[in-house]
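Read through the structure below, which is laid out as structure tokens, and then see the notes.
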Amino acid sequence: MKTQIPTMPASFFVCLLPAALALALTASVAAQQESGIGFEKETTQKWEMGIEISSSGTVSGITAIFPVPTDWPEQQVKVVEQNKTANVSRISSRFVDSKKSCRIAVVTIPRMTPGSTARATFTLEIRKSRITEPEDKSGFRFSRTAKRTQRNYLGTSPFIETTHPRIREVAEAIEFGNDDWKNVEAIFDWVRENIRYQFDEKIKTSVSALDSRQGDCEELSSLFIAICRARGIPARAVWIPGHTYPEFYLEDQQGKGTWFPCQVAGGDHDFGRMPEDKPVLQKGDRFKIPGHSQLQRYARPTLSARNATASPSLKWILKEIQ
């Protein structure tokens with residue numbers, strides 16, 4: 001019988017591998033400058049990321065996953081070191097979707113005895129740049145091929161109810177003009193002007209934020225994404241340690257697409273730019289994750305086991321090394 005081990009609640013988000021394992025983080029996504037955005041103030045950081053499992057009983061057939069940062073235009077990742085306890089038999093990694101927007105590490109542990117601990121951590125060197133907005137925004141337009149090339153970012157996702165009548169009603173009420181950059185900015189301004197920032201321990205849906213007229217970075221991002229998608233604009237969530245923000249997709253005159261970030265929750269009007277140094281853990285919000293039967297918004301640490309006399313505990317290790 002397969003036993004599902006509970007993981008941390010939503011409030012948790014407040015938010016040198018051996019060659020044979022070939023995590024290949026730096027080759028996962030081409031780290032090249034995209035059309036329209038620029039980069040500045042590059043920082044080099046070291047982070048420790050991994051999991052620690054403690055068992056009060058006998059547990060066998062353990063599989064655990066956690067997100068592993070990968071390369072993006074604004075981010076390059078190098079694995080410096082691996083540390084693991086002897087009872088960890090295997091570590092592998094893979095992307096969870098065809099867009100390569102989320103990578104997970106998979107940890108296999110054959111057996112744990114009462115009172116034992118298993119630990120697997122990576123030390124990562126992450127070069128991260130802040131994103132600057134384009135000087136000339138007039139040439140960007142809604143994608144003509146989005147329904148085919150960006151299908152994953154036009155539909156519904158966990159907590160993002162794109163097709164809900166209330167979302168569609170608001171989306172159609174926001175007046176658009178001839179400038180598509182300003183059209184997306186109109187959605188951004190509407191969310192910021194009509195939804196009051198209020199932190200909540202529990203993640204709520206975009207419709208809940210709309211009805212209550214309040215939410216934190218989760219809800220504001222979800223609502224912005226839902227409204228964008230309802231108007232045919234690809235949008236997605238970006239997850240960094242302790243925070244979520246959205247990105248939207250536009251094309252230039254040559255048809256080349258670019259993902260632009262914005263800080264919908266925050267005091268500054270950061271639209272099309274991102275003054276953020278923390279590493280990107282994933283981009284996207286609709287994943288099939290091992291250990292979960294339903295689609296997930298996050299590739300959060302998850303633990304499952306074939307047999308267990310007591311539920312082991314899972315601790316996510318995520319800290320910057322000074």
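The values are calculated or read from the model by the stated rules, or taken from the named source; none is laboratory data. These numbers come from a predicted model, not from an experiment. Glycine also receives a Cβ, built like all others from the backbone with ideal geometry; neighbour counts cover every protein chain displayed. We work out accessible area using only protein heavy atoms, side chains counted, and drop any ligands, DNA or RNA first. Shrake-Rupley method; radii C 1.70, N 1.55, O 1.52, S 1.80 Å.
Restrict the check to segment 31-50 and report whether at least one residue is hydroxyl-bearing (Ser, Thr, Tyr) and under 21 Å from TRP316 (Cα atoms). Before the answer, list the steps.
As a first pass, look at segment 31-50 and keep what is hydroxyl-bearing (Ser, Thr, Tyr): 35, 43-44.
Right, trim to under 21 Å from TRP316 (Cα atoms) and you get none.
Within segment 31-50 (the criterion being hydroxyl-bearing (Ser, Thr, Tyr) and under 21 Å from TRP316 (Cα atoms)), the answer is no, since none of the residues qualifies.
Hey, can you tell me all the residues within segment 182-198 that are open to solvent by 10 Å² or more (accessible area, probe 1.4 Å) and in contact with a Lys or Arg (Cβ under 7 Å, 6 or more places away or on another chain)?
Of segment 182-198, the ones open to solvent by 10 Å² or more (accessible area, probe 1.4 Å) are 182, 185-186, 189-190, 192-194, 196-198.
Result: ASN194, ARG196.
Which one is farthest from THR121 (Cα to Cα) among residues in segment 73-102 that are assigned to a strand (DSSP E or B) and open to solvent by less than 20 Å² (accessible area, probe 1.4 Å)?
Restricting attention to segment 73-102, the residues satisfying the condition of being assigned to a strand (DSSP E or B) are 75-84, 90-95.
From the residues that got through so far, the ones that are open to solvent by less than 20 Å² (accessible area, probe 1.4 Å) too are 75, 77, 91.
On the way: GLN75: 20, VAL77: 15, ILE91: 10 Å.
The selected residue is GLN75.
Considering only residues that are within 20 Å of the chain's Cα centre (by Cα) and among the hydrophobic types (A, V, I, L, M, F, W, C), look in segment 116-163 and name the one that is farthest from GLY50 (Cα to Cα).
The selected residue is LEU154.
Looking only at residues that are among the hydroxyl-bearing types (Ser, Thr, Tyr) and touching a Lys or Arg at 6+ places or on another chain (Cβ under 8 Å) in segment 43-72, which one is least open to solvent (accessible area, probe 1.4 Å)?
Applying the first criterion (among the hydroxyl-bearing types (Ser, Thr, Tyr)) to segment 43-72 yields 43-44, 54-56, 58, 60, 63, 70.
Pick out the ones that are also touching a Lys or Arg at 6+ places or on another chain (Cβ under 8 Å) and you get 43-44, 54, 58, 60, 70.
Values: THR43: 44, THR44: 89, SER54: 43, THR58: 45, SER60: 31, THR70: 4 Å².
Filtering first and then ranking leaves THR70.
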